[in-house]
1. When residues of segment 51-78 are filtered for being of a type outside the set (Asp, Glu), under 20 Å from ALA29 (Cα atoms) and open to solvent by 40 Å² or more (accessible area, probe 1.4 Å), how many remain?
2. Take GLU21 and tell me if it is at pLDDT 95 or above and either within 22 Å of TYR89 (Cβ to Cβ) or touching a Cys at 6+ places or on another chain (Cβ under 9 Å) (or both).
3. Which members of segment 23-49 meet the condition of being of a type outside the set (Asp, Glu) and open to solvent by 80 Å² or more (accessible area, probe 1.4 Å)?
Amino acid sequence: MGGIPLATKQTSAEKRHAQSEVRRLRNKAVKSEVHTSVRKFVEAVQKKDQNLALSALRAVESELDNAGRKGVMKRNAVSRKKSRMAKLYNVTFAAPKAAAQ
């Protein structure tokens, strides 16, 4: 009856570690996409390209909302970052129009 067992038992700690590793990599990918879209938005603002910045802002907001929905980022952190991006956009592109009037 001896011999090699068909499958060795996997402890719950090993399973949890494997699960957490999968989640960590998934979360890392989501955060990386958020950072990339933020970087593209900031570059567009620095170039003073309003149309590109607006589309990049919408992309940043979408990425942040996704990260918040998936639980990768906390809701308040998402709101704070969206607010700061919108403020950067408004300060950069609304100020010249107000000064001209």
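The values are calculated or read from the model by the stated rules, or taken from the named source; none is laboratory data. Because the structure is a prediction, the values reported are computed rather than measured. Note that each Cβ is placed from the backbone with ideal geometry, even for glycine, and that neighbours are counted across all protein chains shown. What goes into the accessible areas is simple: the full protein's heavy atoms, side chains included, and nothing from ligands, DNA or RNA. Shrake-Rupley method; radii C 1.70, N 1.55, O 1.52, S 1.80 Å.
1. Total satisfying the criteria: 9.
2. Considered against the rule, which asks whether it is at pLDDT 95 or above and either within 22 Å of TYR89 (Cβ to Cβ) or touching a Cys at 6+ places or on another chain (Cβ under 9 Å) (or both), GLU21 comes out as no.
3. Hits for segment 23-49 are ARG23, ARG24, LEU25, ARG26, LYS28, LYS31, HIS35, ARG39, LYS40, GLN46, LYS47, LYS48.
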